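To keep things clear, I will list the structure first and then write my remarks on it.
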Amino acid sequence: MQATHRPHSYQITNKITGQVVKFLPRNQHSGDMLEMEILYVPFSAEPPLHYHPYQEEQLKVLKGELTVRLNDEVKIYREGAIITIKRNARHSMWNSGFTTTLVSWKVTPAMDTVRFLRTMTALSNIGAVNEKGIPALPLMVFLLVKYKRTFRLDKPHGWVIHLLYILFIPVFFVLDYNKRFNNPDHF
């Protein structure tokens, strides 16, 4: 599935985490790359450790400092630093500092990263997540399977997620998750 493309830049703001993601217009020569800028508020929480099985990320700290957990090593990167995260590398990123952090973020290939980020932000903004920005278990399992080519949690393992998915199929059917969560603009 291709990323949603818009002619001009636009942004989304997560009311729970304070994170702002600005999607930049696509460069005609970039192939299948998604370019964004992400703003982290001071003392943001570390998100769950995760990985991208088919994507590589390149981050450049434009302002402030970014804390990155990459394969069990935690480092703080300051303005000007460039971080490359290869596919399947377990990682998380947050701002543990006193000032706002701004990061240039490139994802290759783009896949459905835009839709995933917009869905998670929309769920946060309508109050469908807990204080850490995580949806209830059935919805989280549904989304992890829906976006498994783009985003996977380090734990629990994939087979646990698939087993839970099978167990929750009646819930997905009754609550019409396929229709409700097919377009993040509609909820």
Local net charge near Thr150, Cβ-Cβ under 13 Å (Lys/Arg +1, Asp/Glu -1): +3
Give, as a single signed number, the net charge of other residues whose beta carbon lies under 11 Å from the beta carbon of Trp94, with Lys and Arg counted +1 and Asp and Glu -1. -1
Could you tell me which chymotrypsin sites (Phe, Trp or Tyr not before Pro) in the range 9-85 are loop residues by DSSP with no more than 14 other beta carbons within 10 angstrom of their beta carbon? Phe43, Tyr54
What pairs in Lys148/Lys179; Lys132/Lys155; Lys63/Lys148; Lys15/Lys60; Lys22/Lys179 have C-alpha atoms more than 20 Å from each other? Lys63/Lys148; Lys15/Lys60; Lys22/Lys179
With +1 on the Cβ of every Lys and Arg and -1 on the Cβ of every Asp and Glu, and nothing else charged, how large is the dipole of the range 17-87 about its Cα centre, in debye rounded to the nearest 20? 100
Within the under-14-Å Cβ sphere about Ser124, not counting Ser124, Lys/Arg +1 and Asp/Glu -1 give a net charge of +2
Paramagnetic reach from Arg149 in the range 43-63 [backbone N under 19 Å; point 7 Å along Cα→Cβ]: 51-57
Descending principal axes extents, the chain, alpha-carbon based, whole Å: 49, 37, 29
Quick one, could you list the DSSP H helices from the chain stretching 20 Å or more along their long axis (Cα atoms) with average Kyte-Doolittle hydropathy of 1.6 or above? 158-174
Three-way shape label, the range 10-112, alpha-carbon gyration tensor, a/c 1.5: oblate
Find how much the distance from Lys75 to Lys15 grows on full extension, using 0.36 nm per residue of separation minus their present alpha carbon separation; answer in nm with one decimal. 18.9 nm
Once you charge only the Cβ atoms, +1 for Lys and Arg and -1 for Asp and Glu, what is the size of the charge dipole of the chain about its Cα centre, to the nearest 20 debye? 240
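Values quoted throughout were computed directly from the atomic coordinates according to the rules given, and no laboratory measurement underlies them. Quick caveat: nothing in here was measured; it's all calculated off a predicted structure. Note: ideal-geometry Cβ built from the backbone for every residue, glycine included; neighbour counts use all protein chains shown.
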